[in-house]
Amino acid sequence: MKVTETILRGCFIIEPTVFKDERGIFFESFRKDKLEKAIGYSVNFVQDNQSISKKGVLRGLHFQKDNAAQAKLISVVKGKVLDIVVDIRPNSSNCGKYIKVELSSENKKRVYIPKGMAHGFLALSDETIVNYKCDTYYNPEAESGIIYNDKDLDIDWEYPNEDLIISPKDFKFPNFSEL
């Protein structure tokens, strides 16, 4: 397993070792001890979520506030996404910066997102299945987000804006500067 820290301190790209032969492929999709060694602290995932999206669906930018903040391990089971992680930690030197990475069932990359970051993705395949491991239970009262087209963040989603499919709830998120 190859683990690379991104420009956002504590946020890692994880690339599993894939074994391939005439039967197909095999890889460890999650291994707690190796992840913890790479990130430098213990993590206890308590909830798995899965979303199924069609091409053009943009989910995000989501996060949970205060004591409900979640660390997440994101992977794509089927299809391909443009994954975005925004550092929203007020004391971080990278606050307001983001990374984007293509995650797919082909490249098998994962993203480990620590607490204090917003997350979103754009489905780039006709049927995209995304799995999220979370270290804190979902709390609807702590749910929050940032509008996907925030002017200060200036995220290039690399997709025609008029073709995006966004939930009414995600359209109501505030700008980054309002957090």
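The values are calculated or read from the model by the stated rules, or taken from the named source; none is laboratory data. The model shown is predicted, which means the values in this text are computed figures rather than measured ones. All Cβ positions, glycine included, derive from the backbone under ideal geometry; neighbour counts span all protein chains shown.
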Across (1) surrounded by fewer than 21 Cβ atoms within 10 Å (Cβ to Cβ); (2) more than 30 Å from LYS20 (Cα to Cα); (3) touching a strand residue (DSSP E or B) at 6+ places or on another chain (Cβ under 9 Å), LEU58 clears everything bar (1)
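Which residue is surrounded by the most Cβ atoms within 10 Å (Cβ to Cβ), if the candidates are limited to region 18-52 and must be of a type in the set (Val, Ile, Thr) and under 19 Å from LYS80 (Cα atoms)?
First pass over region 18-52, keeping only residues of a type in the set (Val, Ile, Thr): 18, 25, 39, 43, 46, 52.
Right, trim to under 19 Å from LYS80 (Cα atoms) and you get 18, 25, 52.
Values: VAL18: 11, ILE25: 9, ILE52: 13.
My answer is ILE52.
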If you go through LYS55, LYS37, LYS32, the only one that is modelled with pLDDT of 95 or more and not hydrophobic (A, V, I, L, M, F, W, C) is LYS55
(request) Scan region 64-79 and give yes if some residue there is among the acidic types (Asp, Glu), exposed (fewer than 14 other Cβ atoms within 10 Å of the Cβ) and part of a strand (DSSP E or B), otherwise no. (result) no
Over region 28-58, the set of residues of a type outside the set (Ser, Thr, Tyr), in a loop (DSSP other than H, G, I, E, B) and either closer than 30 Å to LEU164 by Cβ or touching a residue at least 60 places away in the same chain (Cβ under 8 Å) (or both) is PHE30, VAL43, ASN44, PHE45, VAL46, LYS54, LYS55, GLY56
Of the listed residues (GLY79, GLY116, GLY96), the one being small (Gly, Ala, Ser) and in contact with a helix residue (DSSP H, G or I) (Cβ under 9 Å, 6 or more places away or on another chain) is GLY96
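Restricting to strands (runs of 3 or more DSSP E) lying wholly in region 97-179: which have 3 or more residues that are farther than 26 Å from GLY10 by Cβ and under 14 Å from the mean Cα position of the chain (by Cα)?
Result: empty, no element qualifies.
Any residue at all in region 13-27 that's of a type in the set (Gly, Ala, Ser), in a strand (DSSP E or B) and closer than 15 Å to ALA118 by Cα? Step through it out loud before you land on a result.
If we filter region 13-27 for residues that are of a type in the set (Gly, Ala, Ser), which is where we start, we get 24.
Next cut, in a strand (DSSP E or B) only: 24.
Narrowing the set further to residues that are closer than 15 Å to ALA118 by Cα leaves none.
Within region 13-27 (the criterion being of a type in the set (Gly, Ala, Ser), in a strand (DSSP E or B) and closer than 15 Å to ALA118 by Cα), the answer is no, since none of the residues qualifies.
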With criteria (1) on the phi < 0 side of the Ramachandran plot; (2) touching a residue at least 60 places away in the same chain (Cβ under 8 Å), GLU158 comes up short on (1)
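Determine whether VAL76 is touching a Ser or Thr at 6+ places or on another chain (Cβ under 6 Å) and either hydrophobic (A, V, I, L, M, F, W, C) or within 25 Å of LYS32 (Cβ to Cβ) (or both). Give the derivation first.
Details: touching a Ser or Thr at 6+ places or on another chain (Cβ under 6 Å): yes; either hydrophobic (A, V, I, L, M, F, W, C) or within 25 Å of LYS32 (Cβ to Cβ) (or both): yes.
In short, yes.
Identify, from the list VAL85, VAL111, the residue that is in contact (Cβ under 8 Å) with a residue 60 or more places away in the chain, under 15 Å from ASN49 (Cβ atoms), of a type in the set (Val, Ile, Thr) and out of contact with any helix residue (DSSP H, G or I) (no Cβ under 7 Å at 6 or more places or on another chain).
Checking each option against the conditions leaves just VAL111.
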